[in-house]
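Read-outs: derived from the displayed coordinates by stated rules, not from any lab. Since we're looking at a predicted model, the values are computed, not measured. Every residue, glycine among them, receives a Cβ derived from its backbone with ideal geometry; neighbour counts consider all protein chains shown.
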Amino acid sequence: MNRENRLWGAERIRDTIALLGFPKLDVQTVRKYMVGGGSFRQCSSTWLSFLRNHLQVSWAIDFFTVTTVGFGRLYVFVVLEHGRRRVVHWALTARPTMTWVIQQLREATPFGLQPQYLFRDSDRTYGQGVAGFLKSCQIEEVRTAYGCPWQNPFGERFGDSLRREVLDHVIVLNQAHLERVLKEYIEEFYHTDRPHQGLEGQVPEPTPRPTQQPSHVIAIPVLGGLHYRYVPVAA
């Protein structure tokens, strides 16, 4: 795994091995057999307590910018569930507007599926319309302070992971290309096969795992081999 996934650290490799049904190793043991090997500012105790106490009823929204090979700019809009670190909804646009954001929030909250709190920054794109929409849906808006991304740690962490694990290694051709890349990363790797330290090594959308230790493992490339999915095979 270390040879195939040069972007992975010891914790990621340890948790991926455990997901396959093998005994959970000590991080130092993993580091012993690999080569090579950012953190957020410490939150205040009050803010950290609020985050923890409302983990299962909070979402976050954020924009991330991507520059294409022709120097165009695309905006990735993400709605993230705090509890399972799951991407509830994502979309791309070259021209984000308040109306477009409200439509994305409608699509992210069908049939009353919505959080109690929604974290966001003070991006001018949201305008007053987004606040009004959230109020009409009885969703309490939690606006982070200017220049304090640590107040929205889960949304910022996802953006950091997306850039470090994908966008820093892919030359984006156009919007259609970026859509394919994000769809493969989020749906075929991030949700199902990427272990999260905040979830104690589990994945946002867990699938049934073998009850007995596998005899060997099959590696399946994701994004052309930038990452790999691992499928255990029983004896």
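From the Cα gyration tensor of the stretch 40-172, with a ≥ b ≥ c the square roots of its eigenvalues, which class applies: rounded if a/c is under 1.5, or else prolate if a/b is larger than b/c, or else oblate?
On the way: a/c = 1.72, a/b = 1.22, b/c = 1.41.
Cα axes put the stretch 40-172 in the oblate bin.
Calculated mean residue ellipticity, 222 nm, the chain: -8500 deg cm²/dmol, from DSSP H runs (n ≥ 4) at -39500 (n - 2.57) each, averaged per residue and rounded to 500.
The order of I61, I220, going from fewest to most other C-beta atoms within 10 Å of their C-beta, is I220, I61.
Straight-line cross-link partners of K24 among the lysines, defined as a Cα under 20 Å from its Cα and at least 8 positions apart when in the same chain: K32.
Within the chain, the percentage of alpha carbon pairs spaced more than 31 angstrom apart rounds to 28%.
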